[in-house]
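Visitor: Would you mind keeping the following structure in view while I ask a few things?
The values are calculated or read from the model by the stated rules, or taken from the named source; none is laboratory data. Treat the numbers as computed from the prediction; the structure is a model and nothing was measured. The area values use the complete protein model at the heavy-atom level, side chains included, leaving out ligands, DNA and RNA. Shrake-Rupley method; radii C 1.70, N 1.55, O 1.52, S 1.80 Å.
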Amino acid sequence: MTAVHETPAWIAEITMAELERNPYPFYERLRKECPVAFIPALGFHVATTKEACQEVGGNSDIWDGLISPAGGRTFGHPNVLNANGPEHDELRGMVEPSLQPAEVNRYVEDLVRPIARRYVEAIEDAGRADLVAQFCEPVSVRSLGDLMGLQSVSSDKLREWFHKLSVSFTNAGVLENGDWANPEGFKPGDEARAEIRAVLDPLIDKWIVEPDDSALSHWLHDGMPEGQVRDREQLYPTVFVFLLGAMQEPGHAMASTIAGLWTKPEQFERVVDDPKLIRRAITESMRWTSPIWSAVARTNKVDTTVAGTFLPAGSLVMLSYGSANHDENDYNAPSEYDLDRAPVPHLAFGAGKHACAGSYFASEVCRIGLEELFEAIPNLERDEDKEIDFWGWGFRGPVELHAHWEV
Ligand code: V55
């Protein structure tokens, strides 16, 4: 793949480390100067405006779903993000039944509320906590873990797995010759995958002969002829997708909602006092700091031009939804968290055929988690002595979130 126009010098100087620390300044400039740009450090194009992301993400006549080379290295194929046509229909049809809103409504209160209560109870008497490690991440992984049938896997193990897979998935940097810039960065993902298989293989063996109501048991059996199950090699790549993004991102979203509200103490107060505002607070946080900031791509089946950039067939264009959600054409002062902004739809759940299958489930996990947290600890306050650092280019959220309260 070659860049068709000259890459401006400043783009050639972008490094992975800078993108991970704070991608916003680069992407602000890209939106203005070159909305679909080839980034040498990544070895592919990025689409950075809302219009370009909608055009590329939403038109499956020209564009196939694709993950980055580092994503493919981490998950293997076939996975639901990378599959297209009938193969995608099959995998999407497999994961969707338990995530349909009507189905989520049937189970989500009974599933998530006790989990959220349990993790609130574990911190409420201490008067202080890192809400990322002690609340947002555990509530996120336990909720999905129990839905999938992974009750026997501890929350800490599920957190470790998504962290390791995430390091590997976003290890996108390449050298000028196309080789990986940091091959060591795939080791954590390789370790996690081996451990996941060792833990899940016996569970799968059991579900084959004793189906139950867990999502993974349904993945094995649903839609298969009597007496047959899906081959586990067809499931594992999509299991890894779930054990990364679906485990990690509701936690990111919850933490970013709290961090966003802390930038406007008056808005924080209003949401704590009126839980009906929690949904809106979450929606604005997904726009403000999109948990899946830049993690899926598309590839074009024919030559095409987007936002003035010619893309020969077979180009890889990363959808920078976290940047699209700061597009100045759609949002005033986009870098500000504002509960009261006009509810212009965001792209945090993507677009088109590959739009997030878990958007409703994820939002409900966040809503119930924050309802329980604010109800039990209404005097929750930011620990002003601790910085709030956001980190991540592929996936983004606060690294830690220190709070204290009177007990
Ligand atoms: C995405 C979603 C994932 C994941 C990696 O960009 C990337 C979407 C739902 O999980 O693991």
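Visitor: Based on alpha-carbon atoms only, what is the radius of gyration of the range 202-252 relative to the globular estimate 2.2 N^0.38 Å?
Guide: 1.25
Visitor: Which whole-number percent gives the relative contact order of the range 90-179, counting Cα pairs below 8 Å spaced six or more residues apart?
Guide: 21 percent
Visitor: Between the range 104-158 and the range 346-365, what is the C-alpha centre distance in whole Å?
Guide: Using only Cα atoms, the two centres lie 21 Å from each other.
Visitor: Another question about this same structure. Identify all lysines with a Cα-Cα distance to Lys301 below 20 Å; exclude those on the same chain that are fewer than 8 residues away in sequence.
Guide: Cα-Cα hits under 20 Å: Lys353.
Visitor: Let me ask something else. In bins 10 Å wide, starting from 0, what share of all Cα pairs of the range 313-407 does each bin hold, as a percent?
Guide: All Cα pairs considered, the percentages come to 12, 30, 40, 15, 3, 1, 0.
Visitor: Which residue, Gly397, Gly173, Gly57, has the most motion in a Gaussian network model of the chain that connects Cα atoms within less than 10 Å?
Guide: Among Gly397, Gly173, Gly57, the largest GNM mean-square fluctuation belongs to Gly173.
Visitor: What are the extents of the Cα atoms of the range 23-118 along their three principal axes, in Å, largest first?
Guide: Largest first, the range 23-118 extends 49, 36, 26 Å along its Cα principal axes.
Visitor: Restricting to Cα pairs below 8 Å that are 6+ residues apart, what does the relative contact order work out to for the range 192-333? Please round to a whole percent.
Guide: 14 percent
Visitor: Name the shape class, rounded, prolate or oblate, that the alpha-carbon gyration tensor gives for the range 219-314, where a ≥ b ≥ c are the square roots of its eigenvalues, rounded holds for a/c under 1.5, and otherwise prolate holds if a/b is larger than b/c and oblate otherwise.
Guide: Cα axes put the range 219-314 in the oblate bin.
Visitor: Okay, next question. Whenever you get a sec, compute what percent of the accessible area on the chain sits on carbon and sulfur atoms (1.4 Å probe).
Guide: C and S fraction of accessible area: 51 percent.
Visitor: Would you mind computing Rg(Cα) / (2.2 N^0.38 Å) for the range 1-72, counting N as its residues?
Guide: So the range 1-72 has a normalised radius of gyration of 1.13.
Visitor: Let me check against my output: what whole-number percent is the relative contact order of the chain, with C-alpha pairs under 8 Å and at least 6 apart?
Guide: After rounding, I find 28 percent.
Visitor: Determine the gain in length on full extension of the stretch Ala198-Ala133; use 0.36 nm per residue of separation and subtract their C-alpha separation, reporting nm with one decimal.
Guide: 20.9 nm
Visitor: For the range 100-216, just run the numbers: alpha carbon Rg, then divide by 2.2 N^0.38 Å, N being how many residues it has.
Guide: For the range 100-216, the normalised Cα radius of gyration is 1.33.
Visitor: Whole percent per 10 Å bin, from 0 to the bin with the longest distance: what is P(r) over all C-alpha pairs of the chain?
Guide: 5, 23, 33, 26, 12, 2, 0
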